[in-house]
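As structure tokens, the structure follows; a few thoughts come after it.
The values are calculated or read from the model by the stated rules, or taken from the named source; none is laboratory data. Please read these numbers as outputs of a predicted model, since none were measured by experiment. Positions of Cβ are backbone-derived with ideal geometry, glycine not excepted, and every protein chain shown enters the neighbour counts. Ligands, DNA and RNA are excluded from the accessible area calculation, which covers all protein heavy atoms including side chains. Shrake-Rupley method; radii C 1.70, N 1.55, O 1.52, S 1.80 Å.
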Amino acid sequence: MATRWGICSCGLISSDFCTALKTLSSSEHDIVAVAARTKDSAEDFAKRFNVPAAYGSYEELARDPNVEIVYVGTINPHHYAACKLFMESGKHVLCEKPVTMTVAELKQLISIAKERKLFFMEGFWTRFFPTVRALQEELKAGTVGTVKIVRVPFCIPISHVDRAVKKALGGGGLLDIGCYTVQWANLVFKEQPEKIVAVGQLNEDGVDVWATITLIYSGGRMAILNYNIDCAFSGNTLAIHGSKEAIEISHPMHCPTKMVLHSGETKEFPLPESPHKYNFVNSVGLVYEAQAVRECLQQGLTECPQMPLQDSINILTIIEEALRQLGVQGCTQP
């Protein structure tokens, strides 16, 4: 039986997720309902993707008995309320990153998911690319030796986009793109840092435009993370420096297709072919995440091994502390 998806919010990322789902077999993935803040928006979206049910409220989507799992693609401050609504209605949930605005909110959602035995995952799609799985295999095999330094820059010119720069919309560089750099440190070191140091700049609305975050781990190991939402999108690579070898995940490192070992070996992992147009780079790679979610549901898992809930807690804990040091005040829902 196909995994029956409901789509919450009809924005650009939800569009890319649905477009990616449509490249997969309909016998495995079926979009059965969509919901937006207005019925017209939901109906337009439903027509584009040939979805049978369109709702003008999230509550209606939550009540739809045909929906098995909901993909939450709303703006950041609405993630918590949407996830809570759907899980309290018995739906599994895949929520876009950042899963919530605070660690406290995330822990409340995890409690609901565990109580109701529901699948719940933060949608860090990076984790599911074949390139990343290959990297994890290299790290596990000890190819690089002991990892000493992780360097991750992420620069992209989105300072003109309201969702990235407006506090009321959950904006800020760290929550929008910088969180990818934090998840890399989490993936590689598999522990929490002993020290977090963040310096950067805020805009007139009080959200962060750029920052450098240094994470110090046991044994003097470190991650140096940079992000900037006001400069060109290029050279966004992950560099891992170990005691034996160095590995680079090539641009764009948040949705990668190439890994280079500094000894000279290059491994490439082409994306699936897709005739469709997407809003964001390499979005066809969302198929990897969707397939992993389906496998979890089939196995009766409530967490995904590639993106466990503890990782979400650890990543958001670092983000919270970095934002505190940068002087970003808490965002409330609009």
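Just one of the listed residues (Leu118, Leu175) is of a type in the set (A, V, I, L, M, F, W, C) and part of a helix (DSSP H, G or I), namely Leu175. Residues that are in contact with a Ser or Thr (Cβ under 8 Å, 6 or more places away or on another chain) and either open to solvent by 10 Å² or more (accessible area, probe 1.4 Å) or within 23 Å of Gly220 (Cα to Cα) (or both) within the stretch 148-167 comprise Lys148, Val152, Pro153, Cys155, Val165, listed in sequence order. Quickly run through the stretch 203-214 and pick out the residues that are in contact with a strand residue (DSSP E or B) (Cβ under 8 Å, 6 or more places away or on another chain) and either closer than 26 Å to His160 by Cα or outside any strand (DSSP E or B) (or both). Once the filter is applied, which keeps residues that are in contact with a strand residue (DSSP E or B) (Cβ under 8 Å, 6 or more places away or on another chain) and either closer than 26 Å to His160 by Cα or outside any strand (DSSP E or B) (or both), the stretch 203-214 yields Asn203, Asp208, Val209, Trp210, Ala211, Thr212, Ile213. The criterion of at least 1 residues that are touching a residue at least 40 places away in the same chain (Cβ under 8 Å) and closer than 24 Å to Glu273 by Cβ is met, among helices (runs of 4 or more DSSP H) falling completely within the stretch 1-97, by 12-21. Within the stretch 227-245, residues that are under 15 Å from Pro256 (Cα atoms) have Cβ atoms under 7 Å from residues that are of a type in the set (Asp, Glu) in these pairs: Thr237/Glu248; Leu238/Glu248; Ala239/Glu248, counting only partners at least 6 apart in sequence or on another chain.
State which residue pairs qualify: first residue within 19 Å of Glu321 (Cβ to Cβ) and inside the stretch 162-178, second residue of a type in the set (Gly, Ala, Ser) and not in a helix (DSSP H, G or I) in any location, beta carbons under 7 Å apart, and separation of 6 or more residues or different chains. Correct list of pairs: Lys167/Gly206; Gly173/Ala211; Leu174/Ala211; Gly178/Ala211. Applying a threshold of 7 Å to beta carbon distances and a minimum spacing of six or more residues, or different chains, the list of pairs starting in the stretch 309-322 at a residue that is small (Gly, Ala, Ser) and ending at one that is assigned to a helix (DSSP H, G or I) reads Ser312/Leu106; Ala322/Leu174.
Check whether at least one residue in the stretch 271-283 is closer than 30 Å to Val199 by Cβ, touching a residue at least 60 places away in the same chain (Cβ under 8 Å) and in contact with a Leu (Cβ under 9 Å, 6 or more places away or on another chain), and report yes or no. Explain how you work it out, then say what you get.
Of all residues in the stretch 271-283, those closer than 30 Å to Val199 by Cβ come to 280-281.
Next, only the ones that are touching a residue at least 60 places away in the same chain (Cβ under 8 Å) stay: 280.
From what is left, the residues that are in contact with a Leu (Cβ under 9 Å, 6 or more places away or on another chain) are 280.
Yes - at least one qualifying residue is present in the stretch 271-283.
Scanning the stretch 75-108 for residues that are more than 16 Å from the chain's Cα centre (by Cα) and of a type in the set (Asp, Glu) yields Glu88, Glu105. Checking the structure you have, find out if any residue of the stretch 63-74 is crowded, with 23+ Cβ neighbours inside 10 Å, more than 22 Å from the chain's Cα centre (by Cα) and within 25 Å of Gly171 (Cβ to Cβ). No; the residues of the stretch 63-74 include none that is crowded, with 23+ Cβ neighbours inside 10 Å, more than 22 Å from the chain's Cα centre (by Cα) and within 25 Å of Gly171 (Cβ to Cβ).
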